[in-house]
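Step one of this worksheet: look at the structure below.
The values are calculated or read from the model by the stated rules, or taken from the named source; none is laboratory data. This is a predicted model, so every value here is computed, not measured. As a convention, Cβ positions derive from the backbone with ideal geometry for all residues, glycine included, and neighbour counts pool all protein chains shown. Surface areas here come from the heavy atoms of the whole protein model, side chains and all, with no ligands, DNA or RNA. Shrake-Rupley method; radii C 1.70, N 1.55, O 1.52, S 1.80 Å.
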Amino acid sequence: MSHGRRHATAAVLCAGLLGLAVPAAGAAEPAPTTPSTPTAPTAPTAPSAGQEARQAARFWTAQRMAGAQPLDAARQAPPAPAGPAAARRPQGTLFKGTRLVGTFFGTDGPGGTAWHCTGSVIDTKVRNIVLTAAHCARSMKGDYIFVPKFVKGAAPDRQPYGIFHIQRIFIDPRYVPDRGSSTTKTIASDLDTAFARVSANQRGQSLQDAVGGGLTLTRPSGYKLKNVTVVGYPSYRHNSAGRAVKCTVPTTQLRGYRQLSMTCGGYYGGVSGSPWITDYKDDARTGHVIGNLGGYNGGGNDANVDYISYATAFGADAANLLAWAVADQAPPGDLPPYRGLKGTLAGGATRWRKALLMASGDYTGDRRGDLLVIWSDGAVTLQPGDGKGGFGAEKQLQKANSTWTHARAVAGGTFTGGDRAGLIVRWSDGEATLYPQPGPSGLGREIRMAPPGSAWKDAVQLAAGPFRQDGGTGLLVRRADGSLTLYDAVGAGGFGTGTPLLGANADWTKAALLTGGDFDGTGTGDLLVRWSDGALDTYAGTSAAGLGTRTRLRGPSSRWQQAAVLTAGGLRHGSAGNDLVVRWSAGETTLYADTGTKSLGTEHTLVHPGT
């Protein structure tokens, strides 16, 4: 955290931190070789388990760790005036520490300053990931280690779980510090999170095997939370025994930022990167972490007091960064610009909670995917896509009115030919209508496809996609009894004769949401289903011949039970209909770009939670 200026020699990170390997501590430069007769290439020899940590231990002696300075300088403010407010302020408790939190040490180079932050163990399948703040990984010139449940004065081989050498650090390339500093006060401070991959400890154990568990990266349910525990390692100047500090307090939002705020004394320099845990227990092997101490000004207010702390609130950006760290891949260079709480869709989560129906399609004729939205007050809007996952100025196609409050299901597709998408609407009285070419200037003409009181009243869900044999748009309908019917001759003259794909079926009455697209990249229609238990399935190659090949995309999930609206289209990379948009129950709206039949695509937040 930025309580006081960082060392003047701090290097601005960013490009150099994205996926560059950290040399092993104490490793010497290889001696030059003379040319020789070429030989068959051989694979490089991987270091034996524990070798990197043993090399690092030669540099990171007990004395050097004990003498390390807090990266975020000495965090302290002038003595606060005594009074009732000061007496009621929570104060952190010093204790021996917990196995999933430790000290993150680094240097500015072989002859540079040794410094420390806080890190924590994240539960992943690769079992070697550490969480800290982005501003804590400020230079790739030196040596980095992580020491779980650090004990001041103990040599590396006497630390409870050993030491772990940092191999590679991952930081969002959009986190750009202010000039001459490793921190920032801009909206990019929302991205002040880093993940590091570590090698085995001196005993050859992986990080999670050594400590016996890890924290689960979790999205906070909001900013106003009752009990969040923050564990960190404050500077020795205020903590001569080098113990950890913990405090369990309510949180609020740092206004204007996607960040949490807490009030608790004792969080002096050194606590940057500290995990914010919702279900903390001393020495637990599991837990849920919703943010890390950092963000605005490195995680603290401009007065540099020790009792105000901020944290990044984890969302899509942190989840993607962790996924790249697990895959050992550098973040891509074409990430959309970070817009902070403004998001990429007009309005905040409070407004988008009222978005009842959505249909994707090219409604402007520019070969880019757009979103057409029906709101709870009967208004209809068009969000023109830019082809990169962003959206232009919203167009109102219909003012709030009573008629459109009766829309119950919609689907967008090229039902009448041409390049422009049309919209099919099923109304509450069983009427079904087609708008052949809605666009920025309005909804256009309406064609009745089925009269009021028709059997279409039982059409619970509609999904449009390339379900026809020729790759044209077909309409799949799920009725109240669980039956599925495909209409592959939809046009201005009606729906045509439908082909039953499935008769009445109790299992399919649990299909809560449907959307169609091309998720396998073959140009044929694929169906995506969100079930009532939150599981996701794809049915690749769905057509009049039957439902396609079923693949489990995501198991039952309480998170996905909160998915209120789904639609898929070509919103990020051309016309392929594989970009999944989800409007969650709280109004947060997410784009999963390039979703496949087996995995969700890269997640981008269109509307931030809590806005």
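Only lysines eight or more places from Lys185 in sequence, or on another chain, were considered; those with a Cα closer than 24 Å are Lys224, Lys342.
Summarised in one figure, the compactness ratio Rg/Rh of region 266-399, Cα atoms and Kirkwood Rh, is 1.09. Using Cβ point charges alone (K and R +1, D and E -1), the dipole size of region 251-380 about the Cα centre works out to roughly 400 debye.
The convex hull built on the alpha-carbon positions of region 372-492 has an orientation-averaged projected area of 8.1 nm².
Across region 338-402, Cα pairs under 8 Å and at least six residues apart give a relative contact order of 25 percent.
Mean projected area of the Cα convex hull of region 209-280, taken over all directions, amounts to 5.9 nm². Mean projection of the Cα convex hull over all viewing directions, computed for region 195-243: 6.1 nm². Cα centroids of region 565-597 and region 358-430: 15 Å apart. Computed over the Cα atoms of the chain, pair by distinct pair, the Kirkwood hydrodynamic radius stands at 26.2 angstrom.
What the pair-distance distribution of region 149-219 shows, using all Cα-Cα distances binned every 5 Å from zero, is 3, 14, 16, 18, 15, 13, 14, 8, 1 percent. Computed over protein heavy atoms with a 1.4 angstrom probe, the accessible surface ordering of Phe195, Phe391, largest first, is Phe391, Phe195.
Estimated purely from DSSP H runs of n ≥ 4, each contributing -39500 (n - 2.57), the mean residue ellipticity at 222 nm for the chain is -1500 deg cm²/dmol once divided by its residues. Could you point to the residue in Gly523, Trp60, Gly422 farthest towards the positive end of the chain's charge dipole, with +1 and -1 charges on the Cβ of Lys/Arg and Asp/Glu respectively? With unit charges placed on the Cβ atoms, the residue in question is Trp60.
The Cα atoms of region 434-527 give a gyration tensor whose axes a ≥ b ≥ c have a/c of 1.5 or more with a/b no greater than b/c, which makes the shape oblate.
Computed over protein heavy atoms with a 1.4 angstrom probe, the accessible surface ordering of Thr286, Thr251, largest first, is Thr286, Thr251. Contact order, relative form, for region 506-609: 20 percent (alpha carbon pairs under 8 Å, 6 or more residues apart, mean separation divided by residue count).
All Cα-Cα distances of region 250-301, cut into 5 Å bins from zero to the largest, leave 5, 17, 29, 25, 17, 6, 2 percent in each bin in turn. When the Cα atoms of region 482-611 are aligned to their principal axes, the ranges along those axes come out at 46, 35, 28 Å in descending order. Per-atom-type breakdown for region 273-412 gives carbon and sulfur 48% of the accessible area (1.4 Å probe, protein chains only). Length gained on full extension, Arg448 to Lys152, computed as 0.36 nm times the residue gap minus the Cα-Cα distance: 98.9 nm. Anisotropy class assigned to region 162-306 is rounded, per the alpha carbon gyration tensor with a/c under the 1.5 cut-off. When the Cα atoms of region 88-225 are aligned to their principal axes, the ranges along those axes come out at 42, 41, 36 Å in descending order.
Surface exposure of the chain, expressed per residue as accessible area with a 1.4 Å probe, stands at 40 Å².
Across the chain, the mean sequence separation of Cα contacts (distance under 8 Å, 6 or more residues apart), normalised by length, yields a relative contact order of 11 percent.
Taking a ≥ b ≥ c as the square roots of the Cα gyration tensor eigenvalues, region 273-337 comes out oblate, since a/c reaches at least 1.5 and a/b does not exceed b/c. Using a cut-off of 20 Å between Cα atoms, the listed pairs Lys125/Lys598; Lys125/Lys226; Lys96/Lys246; Lys457/Lys510 include Lys125/Lys226 as exceeding that distance. Legend: residues Asp507, Asp190, sorted from most to least accessible area (1.4 Å probe; ligands, DNA and RNA excluded), read Asp507, Asp190. Under the simplified labelling scheme, the Arg88-Asp328 pair shows an inter-label distance of 5.4 nm, with each label point 7 Å from Cα along Cα→Cβ.
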